[in-house]
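Here's the structure, in structure tokens; my notes come after.
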Amino acid sequence: MAIPPEVAETIRRKKSQYCRFVDTKNWASVERLALPDAKFSFHETNGSVTKVGWKHLAFSTPQAFGDFFRKLLAPADTLHNVGPGDLEMTGPAEVQAIWPMEDQLLARWTAGLIWLRGGGYYYETWVLKDGDWFLQSLRLERTYVDMSLLVRFYSLFQSLMSKVF
């Protein structure tokens, strides 16, 4: 079904806001872009759910998503870039969107020892509720990740520990 230009522009603007709000650590505004029961998940190049420490990056609410990343990203500088997206209206009140993305994370206080850069695609569902569009689900599927040596060692250690315990 063809997507009306004003709907596409609204959703593209909100996706741009999502990236800016994450990078500026405006978590309350990130949460307001989504429905209260929106789902968020982040996946590695092999399809497995990304883990940070012992935490799987799958969240059942925007608040849980915000609470986790608020702490994780507080000491880091980030930049998220998305392309114009491939949007398809799948019903009168639903849009499926696929956004190419790249992101960077730098823990400046580590003098360059901790950094991560990656890319992939966001797969999202947006729904119309009370006259406005809201994120219902977000799934990031990475196609590549590059990271500093220190992050690689930590990831290896984490992997080994998960096999022991």
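None of the figures in this text is laboratory data; all of them are computed from the coordinates on show. What you are looking at is a predicted structure, and each value in this text was computed from that prediction instead of being measured. We place every Cβ from the backbone using ideal geometry, glycine too, and count neighbours over all the protein chains shown.
Listing for the model above:
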| read-out | value |
| --- | --- |
| Neighbour-count ranking [beta-carbon atoms within 10 angstrom, fewest first] of Leu135, Leu116 | Leu116, Leu135 |
| Sorted by Cβ density within 10 Å, fewest first, the residues Ile114, Ile98 | Ile98, Ile114 |
| Kyte-Doolittle at least -0.5, axis length at least 20 Å by Cα - qualifying DSSP helices, the chain | 149-164 |
| Theoretical gain in end-to-end length, Asn26 to Ala2 [0.36 nm per residue, Cα-Cα removed] | 5.3 nm |
| Full-extension gain in nm, Met147 to Thr50, via 0.36 nm per residue minus C-alpha separation | 33.5 nm |
| Where the Cα pairs of the range 72-152 fall when distances are cut into 10 Å bins, in % | 17, 37, 26, 15, 5, 0 |
| Order of Met1, Met147 under a 10 Å beta carbon neighbour criterion, fewest first | Met1, Met147 |
| Rg/Rh ratio calculated on Cα atoms of the range 18-91 (Kirkwood radius) | 0.97 |
| Nearby aspartates and glutamates by direct alpha-carbon distance to Lys39 (threshold 12 angstrom, same-chain neighbours under 8 apart not counted) | Glu31, Glu124 |
| Alpha-carbon radius of gyration plus Dmax, which is the widest Cα pair, for the range 1-135 in Å | 15.4, 50 |
| Relative contact order (percent, whole number), the range 1-125, Cα cutoff 8 Å, 6+ residue spacing | 21 percent |
